[in-house]
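Scroll down for the structure; my scribbles are underneath it.
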Amino acid sequence: MYPRHDNRPVYLNLFKFHFPLNAILSILHRITGVLLVLSLGIGLIWLHGMILQPDAYAENLQILTHPIGQLVLTLGGLSLWFHWLSGLRHLAMEHDLGGLLSQLERSRLSAQVLLLIFVIGSLWLLWEIWL
């Protein structure tokens, strides 16, 4: 920081911070949780419409096979997959798994394993939706 001679608050630029991997995963866990809540509301409205109008099933199927519908399914699936994996990691660290994840090195390792599993599962999800 630059030395200051007055008592004014210091402007902190958040883009200059270098967050550790654990912090980034925790922030992404919260963001995907918000996305899941929003997609749950939209999905329930869509399901309610399908129940009230069963003859509109073909139209809804066309929406889901359209590239925009596939993009929405992809983003929803990826956010669900990441949120689920990150939640399991949070639970494992909270309950300490016999002391294995309490050390910083183990915490970094679990974050890297989470990202590896996420990438593998994401590739499979992309393969299933788009091909």
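Observations on the structure shown:
- If only residues of the range 11-58 that are under 30 Å from ARG108 (Cα atoms) and among the β-branched types (Val, Ile, Thr) are counted, the one that is nearest to the chain's Cα centre (by Cα) is THR32.
- Any hit, the range 66-75, residues being farther than 30 Å from ILE24 by Cα and either out of contact with any Ser or Thr (no Cβ under 8 Å at 6 or more places or on another chain) or without any contact (Cβ under 8 Å) to a residue 40 or more places away in the chain (or both): yes
- Selection count where residues are under 13 Å from TRP130 (Cβ atoms) and either of a type in the set (Lys, Arg) or surrounded by 15 or more Cβ atoms within 10 Å (Cβ to Cβ) (or both), scope the range 73-96: 4
- Here HIS48 does not fit the description of being surrounded by 10 or more Cβ atoms within 10 Å (Cβ to Cβ), assigned to a helix (DSSP H, G or I) and either touching a residue at least 60 places away in the same chain (Cβ under 8 Å) or of a type in the set (Asp, Glu) (or both).
Read the figures in this text as sums done on the coordinates, not as results from a lab. Keep in mind the model is a prediction, meaning the values are calculated, not measured. Glycine also receives a Cβ, built like all others from the backbone with ideal geometry; neighbour counts cover every protein chain displayed.
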